[in-house]
Each structure stands twice: as structure tokens, then as C-alpha cells.
Amino acid sequence: MSQQDQALPPIIKLRVNRAGEWFHEGVKISHENTWKAFSRNLRIEEGRLIVRIKREWAEVEAEDAPLIVTAIRFDSNTLKIFLHDERNVMFEPETLFINSQNVPYCKIDGVPARFSTAAYYQLVEFIHPHPNDENQFVLALPNGRTHAISME
């Protein structure tokens, strides 16, 4: 964050719950274009989750990962993930990790995204036991590439 940005206080404080619903001062933001704009402009700056739109910014409190993966698709040697805000982005397999409750997460431009149940079942098709360690798993993509999955 630049010194000029630090001089500008955040206009509002936002919260996003586990279901990906956005709130301002406890009131759900129901205007679809507004919450999608917030979701699409999330970033991590100096260890803080914020929404930045031009020079305006707001800190975001997230109950869990603020982004939700709703589906995955393998398309011509790439794996795409679809998000609850209707974006589709290239999946970066090295960002995949599974938490202690066996819930998969990844990162989209550094911002955590949790896999929905439907996306989890799509992802499971690509997960196999690690050939050298029965306590670890790998993501084996149809193009032959494999990636170790981090367990957190």
C-alpha cells in the first residue's frame, strides 16, 4: 500500500461469510453487481484482505475463504476453475492445499478460495495417493502433470 493510500482511511468495513455472502455493518449486500465487484477486486495487501476499487479501499473480514470454487473443468491441457462471482480463471495447482477437515482450498491471485462440495467431487477425480508416501496425495492432471498437495 502506498503512503498516499495509507493516508486515506477505508471508507467502509466489509464482511464475507462462509457462504460467500457480503455484509456491510451487519446488513447483507443483496445488489448482485455490488457484491460481485467486491469479490472480483479482493486482494491481499500487507497481510490484510482488502477490496480495492481505484483509490477507494476497504478492509474485509472473512469467516472462511472469501472466494468459493463452484466448478472445475479440464480444457485443452489447462484446468479452469469457476468462482461464485461468475469468474473463471486458470487453476494454479501449486496453490492447492487441504485443511485438517479435508476441505480443499487454493489461491486466486493470493486470495484464498474454498472448494464447494460440488467442486470438491470434481476435484477428487484428479487426486491420487502419493506413490512414495501413503499419507500424502498428488493432483494428477489428464495432461500427465502431477503436483503434490499440501496438507495444512
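So Ala118 ticks every box in (1) surrounded by 14 or more Cβ atoms within 10 Å (Cβ to Cβ); (2) modelled with pLDDT of 95 or more but one. Which box is left unticked?
So Ala118 meets the others, but not (1).
With of a type in the set (D, E, K, R), out of contact with any Pro (no Cβ under 9 Å at 6 or more places or on another chain) and closer than 17 Å to Arg43 by Cβ as the only criterion, which of Lys107, Lys80 stands out?
Working: Lys80 fails: closer than 17 Å to Arg43 by Cβ.
Just one listed residue meets the conditions, Lys107.
Can you report the number of residues in region 88-110 which are assigned to a strand (DSSP E or B), surrounded by fewer than 18 Cβ atoms within 10 Å (Cβ to Cβ) and aliphatic (A, V, I, L, M)? Break it down stepwise before answering.
Pass one, region 88-110, residues assigned to a strand (DSSP E or B): 88-90, 97-98, 104-108.
Next, only the ones that are surrounded by fewer than 18 Cβ atoms within 10 Å (Cβ to Cβ) stay: 88-90, 97, 107.
If we keep only those that are aliphatic (A, V, I, L, M) too, we end up with 89-90.
Residues in region 88-110 being assigned to a strand (DSSP E or B), surrounded by fewer than 18 Cβ atoms within 10 Å (Cβ to Cβ) and aliphatic (A, V, I, L, M): 2 in total.
Could you list, in sequence order, all residues of region 54-87 that are among the aliphatic types (A, V, I, L, M) and part of a loop (DSSP other than H, G, I, E, B)?
Initially, region 54-87 is screened for residues among the aliphatic types (A, V, I, L, M), giving 58, 60, 62, 65, 67-69, 71-72, 79, 81, 83.
Listed by number, the list holds a single entry, Ala65.
Give region 24-40 a look and list any residue that's surrounded by fewer than 16 Cβ atoms within 10 Å (Cβ to Cβ) and closer than 16 Å to Ile68 by Cα, or say none.
Within region 24-40, Glu32, Ala37, Arg40 qualify.
Given the criterion under 16 Å from the mean Cα position of the chain (by Cα), among the small types (Gly, Ala, Ser), over 27 Å from Ile12 (Cβ atoms) and not assigned by TED's automatic domain parsing to the domain that holds Lys13, identify the matching residue among Ala113, Ala140, Ala118. Give the derivation first.
Values: Ala113 fails: over 27 Å from Ile12 (Cβ atoms); Ala140 fails: under 16 Å from the mean Cα position of the chain (by Cα).
Going through Ala113, Ala140, Ala118 in turn, just one is under 16 Å from the mean Cα position of the chain (by Cα), among the small types (Gly, Ala, Ser), over 27 Å from Ile12 (Cβ atoms) and not assigned by TED's automatic domain parsing to the domain that holds Lys13: Ala118.
Answer yes or no: is there a residue in region 59-79 that is assigned by TED's automatic domain parsing to the domain that holds Glu21, surrounded by fewer than 17 Cβ atoms within 10 Å (Cβ to Cβ), in contact (Cβ under 8 Å) with a residue 40 or more places away in the chain and among the aliphatic types (A, V, I, L, M).
No, the conditions are met nowhere in region 59-79.
Under 6 Å between Cβ atoms, at least 6 apart or on separate chains: pull out the pairs that start in region 84-104 with a residue that is in the same structural domain as Thr34 (by TED's automatic domain parsing) and end on any residue that is at pLDDT below 95 and not small (Gly, Ala, Ser).
Every condition considered, no pair remains.
Mind checking which residues of region 95-127 are in contact with a Ser or Thr (Cβ under 8 Å, 6 or more places away or on another chain) and not hydrophobic (A, V, I, L, M, F, W, C)?
Residues satisfying the conditions are Lys107, Ser116.
Can you tell me which of (1) loosely packed, with under 14 Cβ neighbours inside 10 Å; (2) outside any strand (DSSP E or B); (3) not basic (Lys, Arg) is the one Pro129 doesn't meet?
That leaves (2) as the condition not met.
The values are calculated or read from the model by the stated rules, or taken from the named source; none is laboratory data. Bear in mind that the values here come from a model prediction, so they are computed numbers and not experimental data. Note that we place each Cβ from the backbone using ideal geometry, even for glycine, and neighbour counts take in every protein chain shown.
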